[in-house]
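A short reminder: the numbers here are calculations on the coordinates, not readings from a lab. Just so we're clear, the structure is a prediction, and the values are computed from it rather than from any experiment. Neighbour counts are summed over all protein chains in view; Cβ atoms, including those assigned to glycine, are modelled from backbone coordinates with ideal geometry.
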Amino acid sequence: MRAQARRGGAPGPLGCTVGDAVTRGGSWARRTVSPDSDIDIGLYNEPDRGPDFDELYVAIVRLDDRGAPDGHGRYGDRGPWIDGGVGLRIDGRKTDLLLRDLRRVEHVLRPLVDPYPEPLAAARS
């Protein structure tokens, strides 16, 4: 696949910083890929450190086979779980690039990792 990215604040081959974490999701993450599976790529960022959307979009457009993504949503446009994203075709395969807020993800996952509710966790300290 042509798409490559570098994380951690250094511009990568896309020509822009992509984020704090990059993951694959959906059937590719579950290892249940079929020939018609799309690719879900998550870019996770602290809300105050995410890449500039316009800069990211310009870089992403170059990855799309047609040079014209199916649609996009800026930060905050897609609801409480997925902050934004872009629908692409890369090497003929539908690819969704999803922007996610690390703080929201941590808020949802923290109770699964730390079984103590917040007041009890504070009392343990």
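Extension gain residue 110-residue 21, at 0.36 nm per residue separation less the Cα-Cα distance, in nm?
Result: 30.3 nm gained on full extension.
The alpha carbon gyration tensor of the stretch 21-124 gives principal lengths a ≥ b ≥ c with a/c of 1.5 or higher and a/b no greater than b/c, which makes the shape oblate.
Once both labels are positioned 7 Å from their Cα atoms along Cα-to-Cβ, the gap between residue 103 and residue 48 label points is 0.8 nm. Selection among 99, 28, 76 by position relative to the dipole of the stretch 21-124 gives 28 as farthest towards the positive end (Cβ unit charges, Cα centre).
With the simple spin-label model, which puts each label point 7 Å out from Cα in the Cβ direction, the residue 55 to residue 68 separation comes to 2.8 nm.
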